[in-house]
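Structure first, commentary second.
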Amino acid sequence: MNTPARPVLPIRPVRAQATTPAPRAEPPGRRPWRPRHLLLAPHRLGFALAVLLLLASGAWWALVQVDRVSGLVGLSYAVSPTLGHASVMTFGFIPLFFSGFLFTAGPKWLGVPPPAVTALVAPLLLQAGGWLVWLLGLHSAAGLAMAGAGAALLGLGWMVALFWQLVLRSTQPDRLHAKTVGLAGAVGVASLALMLAALSVDAFDVARAAVLTGLWGFVVVTYLVVAHRMIPFFTSSAVPMLDAWRPFWVLWVLLGAVALEVLAVWAPLAGWPQGRGWMLSLGLMELAAGSVILWLAFVWGLVQSLSIRLLAMLHLGFLWLGLSFVLAGTSQLFGLRLGTPVLGLGALHALTMGCLGSLMLAMVTRVSCGHSGRTLVADNLVWTLFWLLQLAVVLRITAALEQAPVGLLMVAALLWAGVMAVWGLRMVGWYGRVRVDGRPG
């Protein structure tokens with residue numbers, strides 16, 4: 001009996017497009033760091049600014065946690081630090097990393113020329129500068145913080161509009177992934193605008209819901225689209241016995257799980273009953289979603305990838321997505337007797353630090369290696385940092401338990417900041433230098 005073949009999306013070659021000539025670079029033997037090198041390719045400036053904001057936000061949050069435990073600094077706040085942390089972690093460095101990837105890979109998906117790097121300078125600087133001002137304003141003046149977030153909103157909207165221009169110019173028959181990313185970007189702009197509007201009238205519950213909507217509807221959706229398109233492709237390229245299996249129904253299931261979480265964010269504000277019946281229903285649906293995602297992780301080649309470090313980082317990052325749903329569902333079910341989830345923010349940080357953080361480390365490292373002329377490998381330093389990040393995730397999840405030691409959250413924040421500092425400074429060193437193979441870009 002013949003078994004029907006699994007559907008495989010065709011991978012179409014993209015016709016080479018003319019690009020704006022890059023400025024002449026120094027010979028590969030002499031590679032000084034120069035700010036102008038950040039304009040040699042679309043990913044360089046976006047990634048460099050993302051790293052700057054990643055380091056600033058990580059150091060700031062670690063300082064907040066140290067001060068909470070020790071009281072040594074005596075920080076004062078004009079805006080809730082929890083909202084400040086959630087906002088910059090959702091809308092801050094991640095969209096800047098998106099810009100580097102989407103304006104590099106996006107034109108190849110769509111078969112259109114990439115935008116000139118100079119067209120990205122203003123929207124990216126508005127975002128990076130705006131969020132730095134936001135962090136400053138959290139401690140000095142709410143108006144200053146909101147002005148910074150407003151500048152970031154303008155930059156994000158500008159960036160999303162530039163991406164939509166690529167989508168609308170494309171004549172490719174398959175533009176589903178790009179259109180979904182574009183729609184997610186629109187959700188991000190709307191969510192950030194709502195957060196600012198709510199903050200202006202002290203509606204903190206609405207502001208928090210807007211940030212979580214941006215996390216799920218913008219950030220997670222973008223990650224899922226890229227994962228659906230790229231993880232099977234990368235895996236089949238490195239492990240030839242595996243097909244690039246990515247039927248569209250898989251994407252719809254993933255997006256359905258996101259829609260469930262957005263619904264859960266707004267249900268309390270809509271006045272829906274939040275009793276044990278809701279917790280039971282939500283918990284079972286999250287467990288079901290997590291089980292499907294974990295199954296998908298193995299179908300996509302989790303086990304086969306473990307012998308290739310850089311590929312393993314991608315698959316383990318995706319594994320955290322399934323684990324985050326399982327943890328969320330378990331938290332709901334074990335909390336039925338108490339009437340509240342037992343894990344608090346633990347499941348959310350399995351998603352953000354575990355899935356999004358791990359995939360960020362893996363994908364940015366891969367893109368940065370490839371576009372700097374380096375071999376696509378995770379060396380000992382990157383591999384060690386990746387596992388230290390996993391430790392930070394486990395510590396953060398454990399810190400969400402009711403009986404967890406007081407200082408555990410501080411340790412997790414310090415470890416996150418340290419990992420990102422070592423990794424990020426190395427990456428910035430690459431972005432400001434010409435390619436090691438002497439090629440342009």
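The values are calculated or read from the model by the stated rules, or taken from the named source; none is laboratory data. Every value quoted in this text rests on a predicted model; they were computed, and no experiment measured them. With ideal geometry, Cβ positions are generated from the backbone for all residues, glycine too; neighbour counts draw on all protein chains shown. Surface areas here come from the heavy atoms of the whole protein model, side chains and all, with no ligands, DNA or RNA. Shrake-Rupley method; radii C 1.70, N 1.55, O 1.52, S 1.80 Å.
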- Task: Please identify the pairs in which a residue from the stretch 352-372 that is touching a residue at least 24 places away in the same chain (Cβ under 8 Å) and basic (Lys, Arg) has its Cβ atom under 9 Å from the Cβ atom of a residue that is assigned to a helix (DSSP H, G or I) and open to solvent by 10 Å² or more (accessible area, probe 1.4 Å), counting only partners at least 6 apart or on another chain.
- Result: Arg366/Phe234
- Task: Quick one: which residue in Pro95, Pro123, Pro113, Pro107 is more than 22 Å from Arg366 (Cβ to Cβ) and either assigned to a helix (DSSP H, G or I) or free of Cβ contacts under 8 Å to residues at least 40 places away in the same chain (or both)?
- Result: Pro123
- Task: Could you look through the stretch 331-346, keep only residues that are within 24 Å of the chain's Cα centre (by Cα) and on the phi < 0 side of the Ramachandran plot, and pick out the one that is modelled with the lowest pLDDT?
- Result: Leu343
- By residue number, the members of the stretch 390-407 that are open to solvent by 30 Å² or more (accessible area, probe 1.4 Å) and part of a helix (DSSP H, G or I) are Leu391, Val394, Leu395, Thr398
- Message: For the stretch 271-309, give me the residue count where each residue is assigned to a loop (DSSP other than H, G, I, E, B) and either open to solvent by 80 Å² or more (accessible area, probe 1.4 Å) or small (Gly, Ala, Ser) (or both).
- Response: 7
- Note on the structure: Apart from one, (1) open to solvent by 50 Å² or more (accessible area, probe 1.4 Å); (2) free of Cβ contacts under 8 Å to residues at least 12 places away in the same chain; (3) among the charged types (D, E, K, R) all hold for Asp67; the odd one out is (1)
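Can you confirm whether Leu242 is modelled with pLDDT under 85, among the hydrophobic types (A, V, I, L, M, F, W, C) and surrounded by fewer than 23 Cβ atoms within 10 Å (Cβ to Cβ)?
Here the answer is yes, as Leu242 does meet what is asked.
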- Query: Residues in the stretch 130-157 that are open to solvent by 30 Å² or more (accessible area, probe 1.4 Å), over 17 Å from Gly214 (Cβ atoms) and in a helix (DSSP H, G or I): how many?
  - Reply: 9
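If you go through the stretch 315-346 one residue at a time, how many are open to solvent by less than 10 Å² (accessible area, probe 1.4 Å) and either under 17 Å from Val219 (Cβ atoms) or touching a strand residue (DSSP E or B) at 6+ places or on another chain (Cβ under 9 Å) (or both)?
Result for the stretch 315-346: 5.
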